[in-house]
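The numbers here are math on the coordinates, done by the rules we state, and not lab data. Predicted model, so just to flag it, every value in this text is computed and none were measured. So basically every Cβ, Gly included, is an ideal-geometry build from the backbone, and we count neighbours across all protein chains shown.
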Amino acid sequence: MTTQIHSIDEDIDDQLYNRQRYVLGDDAMKCLRKHHVLIIHAGGLGIEIAKNIVLAGVQSVTLQDTINTSILDLATQYYLCEKDIGKNRAECSLEKLRALNDYVKVYISKKSLSDCSDEYLKQFTCVVLTECNLDEMKTINEICRINNIIFIMADIYGVFSRCFIDCGNDPFTVYDKDGEQLKEIFINHISPEGTVTVAGDERHPFQDGDIVSFRELVGLENLNNCERTIKDLNIHQFSIGDISSLGGEYKRGGIAREVKQQIKLNFKSLNEQIHNPKILTIDGSDYWTKNITGEIPDLIYIHVIMLAVSEFKKIYQRLPEPHQMNQENDETNLLKLAQLHLNGLTTKDHSINENRFNHLLKCLVYTAKGSFAPLCSAMGGFVGQQVLTSITGKFTPIQQWLYLDAYELIKEISFEDEYNKIKLISPDRYQSLRLCIGEELVQCLARQRLFMVGCGAIGCELLKLFALLGVGRNGEITITDHDHIEKSNLNRQFLFHKQHLNQPKSIVAAQSARDMNNELKIQSYTLKVGVGSNDLCSDAFMCDQTIIVNALDNIEARRYMDSRCVTNKKPLIESGTMGPKGHTFVVVPYKSESYSNQSDPIDKDVPYCNVKSFPANIEHCTIWAREKFESTFHMKPSLYNSVMSQTNIWNRINNGETIDDLPKIYKFMKRKCTNWNDCLNSAREKFDKYFSNKARDLLHKFPADMIDDKGIPYWKLPKRAPTPTEFNINNNLHYDFVLSCAKLFAVIYNIQVNKERIYDVETNKNIILQTKIETWQPRNKIIITDPAVAKPVSTKHEGDISTDEWRFAQERTKDFQAVPIPFEKDDDFQIDFITTATNLRAHMYGLEPSDRYEIKRIAGRIVPAIGTTTATVSGLIIVELVKLCFSQMKDLPLSVYRNFYINIALPFLIASEPLACTTQKIGKFDVNIWSSFEIKGNPDMTLEGFIKEVERKYDIKPALISEGVKSVYAPWMPKASSQLKRKMDELLPHKPNITYSDLVVLPDENDMDVQLDSNVDATPPPIRYYFNS
């Protein structure tokens, strides 16, 4: 591709880009810095694409626009406001775009598209067109193809959006189709016919056509480092073809690892694709082409109608309008143009639904002059990723069309009535929105009382959309987030800039949203939600809200908010992202399942024995290294401070009083470093303890040639025999570990050392070589080998310490205050230690080492993230929020709503209807998650009276009653009969301001009429007991 490449610094700012770096990888990140992108027009969609590309970190973005701001821009273009009307849109947006990323050069141009010569366009790697007519698109596309420039076209007309991608005449190379980590498995057996059986009960992750390479095979050494194409046989086996010619016979061991292959893709011009399109569907059926016969899907009608709108724009120099707005018959003229395109695309083998076609055309006529902000966000995020994908080859670009719309929403709206209202309204900043969804729904959005939890990446995007839609301007938006702004947030959380670092996210986000729309009413908190946060999420507060929105990054908080919504019968908007993947989930009271009905992916805990003694991969080594960091440099110093700060602690010790954790404290005191040399000596001792003695302990217990009673080697993959590491002062990894460890010792022991001394390599090495290392002696420590056994809890009083030993420790640590080091993933000293420790442990076990950034990701539990996914997901979920608002005016069936799962790396988007909640019959009631039972109590009501009231009112005979985790009643409990006579107020102690308690009442199934699916537990809803009614 031809591009003007300036000299650049290829170092990646890890503090800024670390989340995105784990999505794209270093090669793609560095590639981005070489490329220049041109975006035509700075409307709502254009600015969203520009924002996402600037955040990602390309070399430069040029925003080209000749159009001045109008009132219609304000509902989608968040960098414009009323005072900008009449001014150039690109000019008004320039400084705000530049503020997003200091590493990206942002320029503007007022050049007309017709004046763009080949030479001008050849400056850019990628050209993105928005708001252009069809002739302009075709012309620029041909220029781009001739000059091998990436061409992308994107548009939004009302509530309908599209994009088209053309990566040029030459075959396009995809270097990494999905961005997933390489998959690998341990091998149990390989037959002479080439059938590979995987070890253990895990299923293999490969598919037909995947290529794998082999290593560590014993008996089939000629297959090591060879690549083979596989054929999937079953979940535990795959074939690599006949291997008898290689010689040898499988004995043991072996690992098969995926080998990623480059893919070549061919693209056609826009002109070729107009009547022979390849369109990505969102129903899970991959791409639609005209070879697929039968009934024409809606997206094809939308395809031809949007083509017709682009032609209409060229012919009439405006967009179509309904007859209420002018005297022209735009609908008829647009129909003629659309019909020509439909005829050119379909054959006799296609079935056309005229009513559907005409209704979609009418919807486009009524909404075309408007622009729906959520679709700007969703399509802008997707197109932004297509730009990144097409200029780096990281991920798979779309081939070649995508359509997104909100047709399910607007087909429920009577536009004839709405347009009669719109004609009477003086246009304001919501006019473009009004043209999309009508005045009544615009006012409904304004009335909302909305509670959003979380102001991170998704929260920022949602607040932007709340501002554009005017959500809560006549009600209120409440937001909360306990977190503060870090530099790594700036890459995705675009409401924050460098001047906001260390400030509360919720406070800054609220003000940034008000800056976009000063009519917003936002109340911000810095509180964390969860059990114990009832003051914020009380019933009174929740009942006052109309919609709850989660913008959270942890499952516990999501489940908590979901439970509060179910209890208070409130709709919930839920979403999340991980790298290029994202999901949206809408909870509709009384109709849909709740979030907690879904099965969240379970993060499997790594068995303790793998971390402690038998690592099988670099993740196990990294977890071990972080645990060593936490134990040595945070937990032990913290424990020392906690114990030694107790009153009269030395008198109590000298008097022989039993004090928790005293042996651990003594060891810490005895080993206290007093100078830099001590730090180096202690670090050198740690080296032998971790990487030599540990291996000797294991091999003493389980010799390398050990065979079990079945004749099977004990050290068989995935279990690896360690090799003791002999310290070598000239080995950089060995020295770096000792140095990083010593630096941390200096911190916790509060030893001041200047940089010159720390990095005096020759002097340091001389000190290290003088360290006295004790000769290893076998120990009788228990070594846990069972993966099911958890980490044992150490006793608090083990070991005896003499008076003389304590006197020595007291003198050594008199008036000493330790400095614990809490783990911080962006602290270079800490990551130095964890990286060197991880790779030394990997070497000890014969595992491949890893780079610093992968180890940092594992140790810091960093979730890969990129702004393009966030923008896409946020746009999709706000479409559902508007539907929830509409449901306050009109009862909507569950089929109107959509949940999405997306992966913009592949790419795919799958939309599905929410699942209806399951109803079961318990007693005489039909019950689902939205049902609620209640008992009105009084100060004299006993437990026996409560049980009788439950039986009378709900036909349930309680077998067990509990409040939270506390059991209140069970027939088998001691003194159960006497419990029955106790008053409920005594059994359920509560503060005076608490008016009720939610009780779980499990029925005696033998006495109940329960009708439900056999896979569903017959559990009544909680019974809310009111103390004094």
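Computed from backbone phi, the HN-Hα couplings of the range 747-754 come to 5, 5, 9, 6, 9, 7, 9, 7 Hz, rounded to whole numbers (Karplus: 6.51 cos²θ - 1.76 cosθ + 1.60, θ = phi - 60°; Gly and Pro given as x). Within straight-line reach of Lys981, meaning a Cα separation under 14 Å, sit the following aspartates and glutamates at least 8 residues removed in sequence or on another chain: Asp940, Glu944.
Spatially, the range 834-905 and the range 631-682 are offset by 42 Å when compared through their Cα centroids.
Each Lys and Arg contributes +1 and each Asp and Glu -1, all at the Cβ; summed about the Cα centre of the chain, the dipole is approximately 1820 debye. Between Val531 and Ile425, the simple label model (points 7 Å from Cα in the Cβ direction) yields a spacing of 4.6 nm.
Distances between every pair of Cα atoms in the range 616-846, grouped in 5 Å steps from 0 to the bin holding the largest one, split as 1, 6, 12, 16, 17, 16, 14, 9, 6, 3, 1, 0, 0 percent.
Relative contact order of the chain: 12 percent, from C-alpha pairs under 8 Å at least 6 residues apart in sequence.
Between Pro974, Met452, Ala865, the Cα set farthest toward the positive side of the dipole of the chain (charges on each charged residue's Cβ, about the Cα centre) is that of Pro974. Relative contact order of the range 493-596: 18 percent, from C-alpha pairs under 8 Å at least 6 residues apart in sequence.
Positive end of the dipole of the range 680-811 (Cβ unit charges, origin at the Cα centre): among Ile773, Thr725, Gly711, the Cα lying farthest that way belongs to Gly711. Sorted ascending by nearby beta carbons within 10 Å, beginning with the fewest, Arg684, Arg757, Arg449 become Arg757, Arg449, Arg684. Fraction of C-alpha pairs exceeding 21 angstrom in the range 549-625: 46 percent, rounded to a whole number.
Where q = 0.17, 0.18 Å⁻¹, what log10 of I(q)/I(0) comes from the Debye formula for the range 920-1026, counting one point per Cα? With no solvent term, the Cα-only Debye profile gives -0.79, -0.89. Given R0 = 56 Å, the distance between the Cβ atoms of Arg252 and Lys670 translates into a calculated FRET efficiency of 0.75.
The share of Cα pairs per 10 Å bin across the chain, counted from zero up to the longest distance, runs 2, 9, 15, 18, 19, 17, 12, 6, 2, 0, 0 percent. Directionally averaged projected area (the range 628-741, Cα convex hull): 10.9 nm². Looking at the chain, the DSSP beta bridges with both ends there are about 65 percent antiparallel. Value of Rg to Rh for the range 358-474, rounded to two decimals, is 1.03; Kirkwood radius and Rg both from alpha-carbon coordinates. Normalised by the number of residues in the range 184-259, the average gap of Cα pairs under 8 Å and 6 or more apart makes the relative contact order 43 percent. Taking every DSSP helix (H) stretch of at least 4 residues in the chain, weighting each as -39,500 (n - 2.57) and dividing the sum by the residue count yields a mean residue ellipticity at 222 nm of -11000 deg cm²/dmol. For the listed residue pairs Lys138/Lys464; Lys464/Lys825; Lys636/Lys781; Lys936/Lys991; Lys636/Lys670; Lys111/Lys423, the alpha carbons are over 24 angstrom apart in Lys138/Lys464; Lys464/Lys825; Lys111/Lys423. Under 5 Å from the amide H of Thr69 lie the amide H atoms of Gly86, Lys87, Asn88, Arg89, each residue being 5 or more positions distant or on a separate chain, with H modelled from the backbone and absent for Pro and chain starts. Residue by residue, the range 885-893 carries 3J(HN,Hα) couplings of 5, 4, 5, 6, 9, 8, 5, 10, x Hz when phi is fed to the Karplus relation 6.51 cos²θ - 1.76 cosθ + 1.60 (θ = phi - 60°); x denotes Gly or Pro. Determine the distance separating the Cα centre of the range 126-177 from the Cα centre of the range 304-321; give it in Å without decimals. Value for the Cα centre distance between the two parts: 19 Å.
Ranked for footprinting exposure by Cβ neighbours inside 10 Å, fewest first, Tyr175, Tyr430, Tyr845 give Tyr175, Tyr845, Tyr430. For Val259, the residues whose modelled amide H falls within less than 5 Å of its own, excluding neighbours fewer than 5 places apart on the same chain, are Ile211, Val212, Ser213.
Ordering Phe614, Phe415 from the fewest to the most neighbouring beta carbons within 10 Å gives Phe415, Phe614.
In order along the range 686-692, the phi-based Karplus estimate (6.51 cos²θ - 1.76 cosθ + 1.60, θ = phi - 60°) of 3J(HN,Hα) comes to 4, 4, 5, 4, 7, 10, 10 Hz; Gly and Pro are listed as x.
For the range 184-259, the average shadow cast by the Cα convex hull is 4.0 nm², which is a quarter of the hull's surface. For the range 873-1029, give the share of DSSP beta bridges that are antiparallel, in percent and rounded to the nearest 5; count only bridges with both residues there. Within the range 873-1029, antiparallel bridges account for around 85 percent of the total.
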